[in-house]
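One structure below.
No lab work stands behind these numbers, since they all come straight from the coordinates. The structure displayed is predicted, hence computed values, not measured ones. Ideal geometry is used to build each Cβ from the backbone, glycine not excepted, and the neighbour counts take in all protein chains shown.
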């Protein structure tokens, strides 16, 4: 995200409003949710671990899959952590029990 401009305005009322907006934007940018990434349309073949690159540059605090698209049965999506993959660049996901390839969107924070 871009940092708000810090140039001062000559009019005191306009400067007060600019400063208020600046402070509010900086507060929002500092919130953890500002780092959220959404990776769209990930295809997960049933029973096969898939590496998903997230681009955070650090281990994720939280990951959340969307509702699945295309299942032929009820199953689950799990994150595999004992694969040796570098979590600062990828998360490893596996769909189990769906009986088909499913598609999800993934939120990574």
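With a Förster radius of 22 Å applied to the C-beta separation of residue 82 and residue 62, the computed FRET efficiency comes to 0.70. Where both residues lie in the chain, what percent of DSSP beta bridges are antiparallel, nearest 5? Of those bridges, close to 95 percent are antiparallel.
Can you grab the distance from the C-alpha centre of segment 39-109 to the C-alpha centre of segment 1-21, Å, no decimals? Here the two parts' Cα centres lie 42 Å apart. Comparing 12, 65, 32 in a Gaussian network model of the chain (Cα springs below 10 Å), the most mobile by mean-square fluctuation is 12.
To the nearest ten degrees, helix 12-30 and the longest principal axis of the Cα atoms of the chain are 20 degrees apart.
Per-residue Cβ neighbour counts within 10 Å put 22, 54 in the sequence 22, 54, beginning with the fewest.
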